[in-house]
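> Sharing a structure with you now.
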Amino acid sequence: MYEKPLPIIDPDSAPYWSATQQHKLVIPRCLDCGKHHFYPRALCPHCHSDKLEWTEISGRGTVYSYIVANRPAGPAFKADIPYVVAVIDLAEGPRMMSNIVIDDPSKVKIGDAVQVCFEDVTPEITLPKFKLV
Ligand SMILES: [Zn+2]
């Protein structure tokens, strides 16, 4: 049984979680200015348009920042330490917080190229994570 906290799917985030289940990463893109954003919002943060669409992205990015957690965020994370929590600069522009899946966290460096990977944690939830490339 999966014991870590799970995201709560609501109407605004449902397309995102539906895509991750299919091992695709989608984020909103503005039909007026063409820019992507993340997290999802009702209005484009670049031009305030409400003409947004979910768009599949490359899943490529670089490490903007990260920490190596040597103490678990809670009992459910104890078996994972040490683990990497990172902010990824997506190739499409926005930043996304996630984990970097790696055996040796000391190998992660700022600026490293990463690619999304997917962890099916429950029948409803698949989490996007990243690996070094
Ligand atoms: Zn826009």
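The values are calculated or read from the model by the stated rules, or taken from the named source; none is laboratory data. The structure presented is a predicted model; accordingly, all values stated were derived computationally and were not measured. A quick note on method: Cβ atoms are made from the backbone with ideal geometry, for glycine too, and the neighbour counts reach across all protein chains shown.
> Which of the residues belonging to the range 106-133 are in a loop (DSSP other than H, G, I, E, B) and farther than 20 Å from Ile8 by Cβ?
Val108, Lys109, Ile110, Gly111, Asp112, Val133 - these are the residues of the range 106-133 that are in a loop (DSSP other than H, G, I, E, B) and farther than 20 Å from Ile8 by Cβ.
> Another question, if that's okay. Pairs only if they're at least six apart or on different chains, beta carbon under 7 angstrom, first in the range 15-36 and free of Cβ contacts under 8 Å to residues at least 60 places away in the same chain and among the hydrophobic types (A, V, I, L, M, F, W, C), second assigned to a strand (DSSP E or B) and near the ligand (Cβ under 9 Å from one of its atoms); list them, first residue then second.
Once the first residue is free of Cβ contacts under 8 Å to residues at least 60 places away in the same chain and among the hydrophobic types (A, V, I, L, M, F, W, C) and sits in the range 15-36, its partners that are assigned to a strand (DSSP E or B) and near the ligand (Cβ under 9 Å from one of its atoms) give Cys30/Leu52; Leu31/Leu52.
> Residues to consider are Ala79, Ala91, Ala14; find the one that is out of contact with any strand residue (DSSP E or B) (no Cβ under 6 Å at 6 or more places or on another chain) and either under 18 Å from Pro128 (Cβ atoms) or modelled with pLDDT of 95 or more (or both).
Step by step, each of Ala79, Ala91, Ala14 is checked, and only Ala14 is out of contact with any strand residue (DSSP E or B) (no Cβ under 6 Å at 6 or more places or on another chain) and either under 18 Å from Pro128 (Cβ atoms) or modelled with pLDDT of 95 or more (or both).
> Another one. Go through (1) touching a residue at least 60 places away in the same chain (Cβ under 8 Å); (2) closer than 19 Å to Lys131 by Cβ; (3) buried (at least 16 other Cβ atoms within 10 Å of the Cβ) one by one and return the number of the condition Tyr66 breaks.
Evaluating Tyr66 over (1) touching a residue at least 60 places away in the same chain (Cβ under 8 Å); (2) closer than 19 Å to Lys131 by Cβ; (3) buried (at least 16 other Cβ atoms within 10 Å of the Cβ) leaves (1) as the failure.
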